[in-house]
Number of protein chains: 4
Amino acid sequence: MAQKPKLRIGLIGTGFMGKAHVFGFASAPKVFDLPMQLELHTVADVTEAAAHRAAADFGFAHATADWRRVIEDPEIDVVDITAPNALHKEMALAAIAAGKHVYCEKPLAPLAADAREMAEAAEAKGVKTQVGFNYLCNPMLKLAKEMIAAGELGEIRGYRGLHAEDYMADAAGPFTFRHDPAGGGALADIGSHALATAEMLLGPITEVMGDCVTMIAERPDGKGGIRAVEVDDVGRAFVRFANGAQGSIEGNWIATGRKMQHDFEVYGTKGALAFSQERFNELHFYATADAPGRRGFRRIEAAPDHPPYGRFCVAPGHQLGFNDLKAIEVAGYVAAIAGEAPEPFNFRAGLRIQTLVETIQRSSRERSWLGVPA
Amino acid sequence: MAQKPKLRIGLIGTGFMGKAHVFGFASAPKVFDLPMQLELHTVADVTEAAAHRAAADFGFAHATADWRRVIEDPEIDVVDITAPNALHKEMALAAIAAGKHVYCEKPLAPLAADAREMAEAAEAKGVKTQVGFNYLCNPMLKLAKEMIAAGELGEIRGYRGLHAEDYMADAAGPFTFRHDPAGGGALADIGSHALATAEMLLGPITEVMGDCVTMIAERPDGKGGIRAVEVDDVGRAFVRFANGAQGSIEGNWIATGRKMQHDFEVYGTKGALAFSQERFNELHFYATADAPGRRGFRRIEAAPDHPPYGRFCVAPGHQLGFNDLKAIEVAGYVAAIAGEAPEPFNFRAGLRIQTLVETIQRSSRERSWLGVPA
Amino acid sequence: MAQKPKLRIGLIGTGFMGKAHVFGFASAPKVFDLPMQLELHTVADVTEAAAHRAAADFGFAHATADWRRVIEDPEIDVVDITAPNALHKEMALAAIAAGKHVYCEKPLAPLAADAREMAEAAEAKGVKTQVGFNYLCNPMLKLAKEMIAAGELGEIRGYRGLHAEDYMADAAGPFTFRHDPAGGGALADIGSHALATAEMLLGPITEVMGDCVTMIAERPDGKGGIRAVEVDDVGRAFVRFANGAQGSIEGNWIATGRKMQHDFEVYGTKGALAFSQERFNELHFYATADAPGRRGFRRIEAAPDHPPYGRFCVAPGHQLGFNDLKAIEVAGYVAAIAGEAPEPFNFRAGLRIQTLVETIQRSSRERSWLGVPA
Amino acid sequence: MAQKPKLRIGLIGTGFMGKAHVFGFASAPKVFDLPMQLELHTVADVTEAAAHRAAADFGFAHATADWRRVIEDPEIDVVDITAPNALHKEMALAAIAAGKHVYCEKPLAPLAADAREMAEAAEAKGVKTQVGFNYLCNPMLKLAKEMIAAGELGEIRGYRGLHAEDYMADAAGPFTFRHDPAGGGALADIGSHALATAEMLLGPITEVMGDCVTMIAERPDGKGGIRAVEVDDVGRAFVRFANGAQGSIEGNWIATGRKMQHDFEVYGTKGALAFSQERFNELHFYATADAPGRRGFRRIEAAPDHPPYGRFCVAPGHQLGFNDLKAIEVAGYVAAIAGEAPEPFNFRAGLRIQTLVETIQRSSRERSWLGVPA
């Protein structure tokens, strides 16, 4: 165990997601038998004080107010970017150029063109990348994917997916970077999760008809004025999948009362699945093969039968939390860096989501169906 | 009470819906203090034997194998049509011409043009009409409508409605009249309920973008052959409401495992509602005015607070059943005939639903947004 | 059909349950193919005016303010008693003496000794009796009973049953006949339902340890004074069943927020069932025989697979209401009168429930386990 | 931050709970601003190999096969005992004698007499203790406790609590230490959680009537033979609280299909709460003060409004997992050691639970109500 190679991490950004990443780094090695030993090397924030405080709180050995020092440091193996979205590209490209592996929070970049540049740079350089789509790490989604792949639902015909919350429902809430025309909006921010889940389960979406709507047309600019909002509060789409299925997708950040309605239903010829992130340790399964008069959606509770749940809890029903999903994400990424497994959700995958988002947005603007570029 | 005027009913058709209407006629006078006395006068079915059996079972005084005799009989006040959809128009027009009130099961007619002819004939003649959209009679929908109208949700921004079942999910199921290109399909058959509920709650839909998909392209014709299916198995739409709200609608009869997913969510600036016909004695209400840390969707159970529930049960929680909704429908119609209230859902309203369905279907074919004719 | 023998009904009492019985009489013949033709002959209430109004509203041919005229009338076949509990015995014994079949609302009598006298009188006279425990008529309970009997749950080990509501939770609510020391209290009033369901599903309870608690010690007497309450607000028991299972029972009428928590769970060696009257068109079934990783409680929705649901609705998911259960009760009773089936829940069964209630009450007073008399 | 005092931990036992404690040690400092710096000093297991493997996996600096070395090591501040129950007493007393703080998994000791000795030793020595009842650390339970304390439910009248699982439902499962007559059984193993939750919310239980039942009378002894089981598979009780409320408690490890039914309902004069550990990020709240026709149980989802949820996730709906509860437990214990807060659940509290368990067991044997020793 002492002989495990070290993986030295440099973290840029110490907000909510930075903290969530640190939780992942802390728990992943306890939960999993990682092939590498994680070392929290350096943390960067906008001021020296903030960086040093984060270093102390989070357990990093070094701190800096200059993110470029993280990238230049030859001791650092992985650059972990949780800085504002607008900076992702510059930071990631610099890190890739320096030969670092790069772990980047979603969205990978505001625009698909930027994401493509990043993905191609990483592939050319041969570094391992990861985009933080941690809902996908849920063992119950893995179960759903496996059940579909194994044909337990038969041929898949239909899909209904959404991600609705209400964090932008208050019209008095100020204009933020999430409202920026380049890359913002409900579809990009959380509809992206609905899209990622849909493709994880059913494979590629080939065609979309989008409907992106701005319901709160202006917001306080935080300086006493008003600023027009151009991004969507609700972004939805009709979709077609390469496997022949059809369905719909919705991202919605003004869904009053909803805190985590990242839900889906999948309908096949032999069964169906229903899931809600509101109760993400459950998967509901209907099987037409059940006896007549005994059919119904079964509430399957997360259990050691559903890896890697058993790494966290040895008995069923104990339940994983949001931060546990981050630990699974970290473990998958470390395994990929160690060459033991493919990258779970690399920059190419992040690009794919941006492509879907932009195609839906364009479809909405053009009011016409569009094919999704491969 | 003996002085209550009689309302003599002639029923055409004795299948599922015919029976449900009879349940309504039987229980409505017990439940409500109707202004008229219902008399089951004559029942018509395709054979004399079937008609006489139905008369005995259901309690009609007379029976006939010729539906025209129902219409011609001067003693009959109301003609109730639960015959196959294709016959609705001919029967209804004849009954209207004879000056009868007409109660007609949904859909009013396969085509909006026919429905319009029927609505205009009824209005010209001055008879009272009713189309059977009995889900709308649910006290919890009435509550939802009142809460919205009273501003309890604030300004309405979003809507998500669907009606999904799985009665056509088996590809081996035979071609039926519901698969007929003129008037069939999931959108017309049950998506119509989703549309009716949406407009009942939020008012008129002004624009739609439709997506009607046939997933089971051919079915056994019942004679050893195969017949191509042209109607939609899933019919959905993006919608815009005159009140400024936006949303989506779906009708789906291949939703494996779903038996009665006639659901909606309404999002307003001050609250939200969530409903499922799977548990139609409940309405879930979220209020932003609740204290911080105490907010959540409240499960309101049907109770005497929600008229006319108290007519059926004097205490909360006892629950209404599907057939009770029919009794409410009958009571509303009888009140309209007696001149005590407006028609709850007349032919004009039935026409409206057909218009919406056809506009969505056309939008789907043309792959473009369409305004909905007023 | 015309040759069906008539069954002429005399109803005593026109309150909530009287009305519910009339609903049952009205709909049962429409829903079921009854072997007899029901005729609403006479209704009795405390005044002539009330009786005549009820006759008109409910469709009875005759009305009277003297309940004895119902019993004496040679044309009447069935005496249906929905008068206050305290009168059940006198009315029922008179009706039995007159050779009438007797349909009596629950509780059969305040005291088991009275109930026994009534049951024995009916058996001696050979008339058919029925006590109104209509929750038992739910097709989902019938399903549960059949699944247990068929061994689908394996050997039954445990049971947890309750019936909790909040209609007496308000301490300002006045003293009523339900608070009468002879026969009142939560255990007798609704705990009786929990007991009836338990024995329907698992067979006889042999031993009990009771705990009956009065939480609201006095109530307004309706005349400006206060009256002490001696009956239980919560009555619960540990129980043992003859089949070897053990469990618990609770009746509770001060369960704030609960409107119809008539729930049970049954645990067997091979499976389990969970049910709530709050959603009484569902039964939840867990089977250990399901594949590992795919196990969970299945939400079985009421459907034509579960007779007699199909008599009411031809498709699943439409749902029965409380009054439909009354129609099933009526149909079962009429079949028994016609000699086609055993009495579904006769006076002997009603006596059984009173015996259980009284044994639990006595056990609570004596603070010791008691055997339940056979 | 570098000036934070160190808290050096010695862990005995590396099984499920040992691992869960390590998760807690790993994440607590990231999540909370702890007043001390945790150092994983030494881990002890039964063999050197196992201990060294655990040290490497979990991040301890030292390893030993002799648990006494942990206790003797002057560098160690806290001895954390997750060894088999039978060893808790010996280990804890030795650690206390050595002046160590002691963190001990539940149950504190098989017998209350032992637990008392341990509690008194710790108090005499002045060390800080903690027993692992981590379900109590759930922010939603804290919310429930605060709501009750603040009078939001009015005066509390009733309580129904249980903890039911099915991990012993298979009669072919072997005899284990949990079946040991001294300290085993469902009531002690998980009924203890139901008891702890009940007293956390409502305060002391003063009287009990117990019912402990063995349903699986013998089990394989793991050596080809059979061993009689004397402990309860189901242990339940009627209870009285010092605050005047009454209720019931159940522990059940043969509840087929149930994985984490640690549920409760609390009924007060002004409201009610319902909770299930199956969905432990939710609390359901009914308020009689809500408007008529708008009342219902509100599903409150865990959010930053419910500390310390916000330490883990900055937005509502993300959800905590089982291991997060352990981190909260650790943080509370560290704060107590640092003198910043009282011990959250010390040996005295652990003793209390044992006292309750034993009183219920004795009541069951004696078939009589018993007062609970203070």
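No value in this document is a laboratory result; all are computed from the given coordinates. Given the structure is predicted, the values throughout are model-derived calculations rather than measurements. Note: ideal-geometry Cβ built from the backbone for every residue, glycine included; neighbour counts use all protein chains shown.
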Consider the stretch A:255-269. How many of its residues are under 20 Å from A:ASP189 (Cβ atoms) and either in contact with a His (Cβ under 7 Å, 6 or more places away or on another chain) or surrounded by fewer than 24 Cβ atoms within 10 Å (Cβ to Cβ) (or both)? 6
Which numbered condition in (1) without any contact (Cβ under 8 Å) to a residue 40 or more places away in the chain; (2) within 24 Å of A:ASP114 (Cα to Cα); (3) among the β-branched types (Val, Ile, Thr) is the only one that A:ILE226 fails? (2)
Qualifying position, being farther than 26 Å from C:ASP57 by Cβ, surrounded by fewer than 23 Cβ atoms within 10 Å (Cβ to Cβ) and touching a strand residue (DSSP E or B) at 6+ places or on another chain (Cβ under 6 Å), among B:HIS52, B:HIS88: B:HIS52
Any residue in the stretch C:145-158 that is free of Cβ contacts under 8 Å to residues at least 60 places away in the same chain sitting within a Cβ distance under 8 Å of a residue that is part of a helix (DSSP H, G or I)? List the pairs, counting only those 6 or more apart or interchain. C:LYS145/C:MET200; C:LYS145/C:LEU201
Using the structure shown, decide if B:ALA245 is crowded, with 23+ Cβ neighbours inside 10 Å, in contact with a strand residue (DSSP E or B) (Cβ under 8 Å, 6 or more places away or on another chain) and either farther than 20 Å from B:ALA150 by Cβ or more than 8 Å from every other protein chain (Cβ to nearest Cβ) (or both). yes
Every residue from the stretch D:93-117 that is within 17 Å of the chain's Cα centre (by Cα) and buried (at least 24 other Cβ atoms within 10 Å of the Cβ): D:VAL102, D:TYR103, D:CYS104, D:GLU105, D:PRO107, D:LEU108, D:ALA109, D:ALA115
Go through the residues of the stretch B:190-198 one by one and say whether even a single one is buried (at least 22 other Cβ atoms within 10 Å of the Cβ), within 14 Å of chain A (Cβ to nearest Cβ) and aliphatic (A, V, I, L, M). yes
Being in contact with a Leu (Cβ under 8 Å, 6 or more places away or on another chain) and either on the phi > 0 side of the Ramachandran plot or without any contact (Cβ under 8 Å) to a residue 40 or more places away in the chain (or both) narrows C:GLY183, C:GLY244 down to just C:GLY183
Checking the conditions here, which among A:ARG240, A:ARG236, A:ARG227, A:ARG219 is within 23 Å of A:LYS259 (Cα to Cα) and surrounded by fewer than 23 Cβ atoms within 10 Å (Cβ to Cβ)? A:ARG219
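So in the stretch D:359-374, with the set limited to residues that are within 14 Å of another protein chain (Cβ to nearest Cβ) and crowded, with 20+ Cβ neighbours inside 10 Å, which one is nearest to D:GLY191 (Cα to Cα)?
D:ILE360
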Residues being outside any helix (DSSP H, G or I) and at negative phi - total across the stretch D:94-121: 13
Looking only at the stretch D:55-68, and only at residues there that are in contact (Cβ under 8 Å) with a residue 40 or more places away in the chain and within 14 Å of chain A (Cβ to nearest Cβ), the one that is surrounded by the fewest Cβ atoms within 10 Å (Cβ to Cβ): D:PHE58
Filter the stretch C:276-285 down to residues that are touching a Gly at 6+ places or on another chain (Cβ under 8 Å) and within 7 Å of another protein chain (Cβ to nearest Cβ) and give me whichever is surrounded by the most Cβ atoms within 10 Å (Cβ to Cβ). C:PHE285
Kindly provide the set of residues from the stretch A:187-218 that are without any contact (Cβ under 8 Å) to a residue 40 or more places away in the chain and acidic (Asp, Glu), ordered by number. A:GLU218
The stretch A:162-178: number of residues that are crowded, with 21+ Cβ neighbours inside 10 Å, more than 10 Å from every other protein chain (Cβ to nearest Cβ) and out of contact with any Asp or Glu (no Cβ under 7 Å at 6 or more places or on another chain): 1
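Here's a check for you: in the stretch A:22-41, which residue that is away from chain D (no Cβ under 12 Å) and within 24 Å of the chain's Cα centre (by Cα) is surrounded by the most Cβ atoms within 10 Å (Cβ to Cβ)?
Only one residue fits best here, namely A:MET36.
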Matching residues, the stretch B:1-27, being farther than 19 Å from B:LYS100 by Cβ and aliphatic (A, V, I, L, M): B:MET1, B:ALA2, B:ALA20, B:ALA26
Determine which single condition B:ALA272 fails, assuming it passes every other condition in (1) within 14 Å of chain C (Cβ to nearest Cβ); (2) buried (at least 21 other Cβ atoms within 10 Å of the Cβ); (3) not aromatic (Phe, Trp, Tyr). (1)
Cβ-Cβ below 6 Å, separation at least six or inter-chain, first residue in the stretch C:258-269 and within 14 Å of chain B (Cβ to nearest Cβ) and touching a residue at least 24 places away in the same chain (Cβ under 8 Å), second of a type outside the set (Ser, Thr, Tyr) and part of a strand (DSSP E or B): which pairs? C:ARG258/C:ALA164; C:LYS259/B:GLU301; C:GLN261/C:ALA164; C:HIS262/C:HIS163; C:ASP263/C:LEU162
Every residue in the stretch C:309-324 that is in contact (Cβ under 8 Å) with a residue 24 or more places away in the chain, more than 7 Å from every other protein chain (Cβ to nearest Cβ) and either within 14 Å of B:TYR167 (Cα to Cα) or not basic (Lys, Arg) (or both), please. C:TYR309
Within the stretch A:12-21, does at least one residue satisfy the condition of being touching a residue at least 24 places away in the same chain (Cβ under 8 Å), part of a loop (DSSP other than H, G, I, E, B), within 20 Å of the chain's Cα centre (by Cα) and more than 11 Å from chain D (Cβ to nearest Cβ)? yes
Which of the residues belonging to the stretch D:329-374 are among the small types (Gly, Ala, Ser), part of a helix (DSSP H, G or I) and more than 21 Å from D:TYR135 (Cα to Cα)? D:SER363, D:SER364
Quick check on my filter: what residues within the stretch D:286-308 are at the interface with another protein chain (Cβ under 8 Å from one of its Cβ atoms) and under 22 Å from A:GLU282 (Cβ atoms)? D:PHE297, D:ARG298, D:ARG299, D:ILE300, D:GLU301, D:ALA303, D:HIS306
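Determine whether the stretch A:78-89 contains at least one residue that is hydroxyl-bearing (Ser, Thr, Tyr) and in a loop (DSSP other than H, G, I, E, B).
yes
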One residue is enough: does the stretch B:69-76 have a residue meeting the conditions surrounded by 23 or more Cβ atoms within 10 Å (Cβ to Cβ), outside any strand (DSSP E or B) and within 12 Å of chain C (Cβ to nearest Cβ)? no
A careful count of residues in the stretch B:123-132 that are out of contact with any His (no Cβ under 7 Å at 6 or more places or on another chain) and surrounded by fewer than 24 Cβ atoms within 10 Å (Cβ to Cβ) gives 4
